[in-house]
1. Report yes if Asp3 is over 56 Å from the mean Cα position of the chain (by Cα), of a type in the set (Asp, Glu) and at pLDDT below 90, otherwise no.
2. Is it fair to say Phe242 is in contact (Cβ under 8 Å) with a residue 60 or more places away in the chain and within 14 Å of the ligand (Cβ to nearest atom)?
3. Taking Val57 and the conditions (1) more than 19 Å from Glu27 (Cβ to Cβ); (2) away from the ligand (no atom under 16 Å from the Cβ); (3) open to solvent by 70 Å² or more (accessible area, probe 1.4 Å); (4) not in a helix (DSSP H, G or I), which numbered condition does it fall short on, given that it satisfies the others?
4. Against the definition (surrounded by 17 or more Cβ atoms within 10 Å (Cβ to Cβ) and in the same structural domain as Thr133 (by TED's automatic domain parsing)), how does Gln215 come out, yes or no?
5. Could you look through region 199-239, keep only residues that are of a type in the set (Val, Ile, Thr) and assigned to a strand (DSSP E or B), and pick out the one that is farthest from the ligand (Cβ to nearest atom)?
6. Given the options Asp95, Asp91, name the one that is in a loop (DSSP other than H, G, I, E, B) and either in the same structural domain as Glu15 (by TED's automatic domain parsing) or open to solvent by 100 Å² or more (accessible area, probe 1.4 Å) (or both).
7. Select from region 122-158 the residues that are more than 16 Å from the ligand (Cβ to nearest atom) and of a type in the set (A, V, I, L, M) and write down the one among them that is least open to solvent (accessible area, probe 1.4 Å).
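The values are calculated or read from the model by the stated rules, or taken from the named source; none is laboratory data. Source: prediction; values computed, not measured. Here Cβ is always computed from backbone atoms with ideal geometry, including for glycine, and neighbour counts include all displayed protein chains. SASA here: full protein model, heavy atoms, side chains in, ligands and nucleic acids out. Shrake-Rupley method; radii C 1.70, N 1.55, O 1.52, S 1.80 Å.
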Amino acid sequence: MTDMDFQALEKEAREAIQQAHKADDLEALKVKYLGKKGSITALLKQVSQVPPPERPVFGQKVNQLKHLVQSLITEQQTKLAGDPDHDPGFDPTLDGIKPAVGSLHPITRTIREICVIFSRLGFDTVDGREIETEFYNFTALNIPLDHPSRDAFDTFYTPQGYLLRSQTSTVQVREMKRRKPPLRILAPGRVYRPDAVDASHSFMFHQIEGLMVDQKTNFADLKGVIHLFLKQLFGEKLKMRFRPHFFPFTEPSVEVDIKWGERWLEVLGAGQVNPMVFKYAGYPPRRYQGFAFGLGIERIVMLRYGIKDIRLLFENDQRFLEQFR
Ligand code: DAH
């Protein structure tokens, strides 16, 4: 290794380092000269083989070259890092940016859960209409012309003679006109009533209507299905009771209560489909039997999550909604 050789190696390294414009390239040069199999490292290993008189000078030169190359590389690294156009690449040590992930509204969640429970029993989920006719909202459900719920104080009417449905029961005759039994349907959706808004009332809320019709679907089927449903929603230990009631579209009709602590709370209305409703659907007399039920979703959401004021469900306050993830 002559002085000329040392100078040539130094020149080569200096030029290569100055031309490196990427961190990866610098890293490769570091390996090339100073790595385990690098050329300068190889020279260092040769020091012991140099005849003793020349050894100190040779050693010094190799060491000088080593330190020079090291500092040239560091210098170039610093230069690249300070260059605003230089992309330092991905830095895994930086904090990440947390994406703002949304979540389902507790009402949507509860509706979906209920639909899943009933889908296991063979019920399809169907859509109804929010703007309806008097026929599907009242007449087809055997609700007499003088019934108070038809009053403008209890139902929103449009100037064109339509109305905002006040119950999801409207889907009963709509669907029965579209298909023949056997049928098992579930219809979730919004309903509207001109109630003054307070902690337990809203002019808009959600219901789910259920309808099962076949040749011999009876009251025992109704009770079995409702009991199974309530147990799946509220837990196996749930206690329920059927209480006689009146609805024009079911006969006999019941209200269903569940035991909540020390109290009985009404959660849904149900009954055997009134033959008048089958008549409005256009079914032949006495051919079919079935049951229907309807429940309010907000009631159930409020019970399950311990929500005391219905308005919280509609104000879209993120601090409230964020709790349901
Ligand atoms: N539509 C009723 C209401 O809004 C709920 C209801 C009761 C639905 C009995 C039914 C039923 O299908 O059989 O209060």
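1. Working: over 56 Å from the mean Cα position of the chain (by Cα): yes; of a type in the set (Asp, Glu): yes; at pLDDT below 90: yes.
Considered against the rule, which asks whether it is over 56 Å from the mean Cα position of the chain (by Cα), of a type in the set (Asp, Glu) and at pLDDT below 90, Asp3 comes out as yes.
2. Numbers: in contact (Cβ under 8 Å) with a residue 60 or more places away in the chain: no; within 14 Å of the ligand (Cβ to nearest atom): yes.
No; evaluated as a whole, the condition is false for this residue.
3. Answer for Val57: the failing condition is (4).
4. On the way: surrounded by 17 or more Cβ atoms within 10 Å (Cβ to Cβ): no; in the same structural domain as Thr133 (by TED's automatic domain parsing): yes.
The answer is no for Gln215.
5. As a first pass, look at region 199-239 and keep what is of a type in the set (Val, Ile, Thr): 208, 213, 217, 225-226.
Among the residues that remain, those that are also assigned to a strand (DSSP E or B) are: 208, 213.
On the way: Ile208: 9, Val213: 12 Å.
Among them, the one singled out is Val213.
6. Details: Asp91 fails: either in the same structural domain as Glu15 (by TED's automatic domain parsing) or open to solvent by 100 Å² or more (accessible area, probe 1.4 Å) (or both).
From the options Asp95, Asp91, the qualifying one is Asp95.
7. Result: Ala152.
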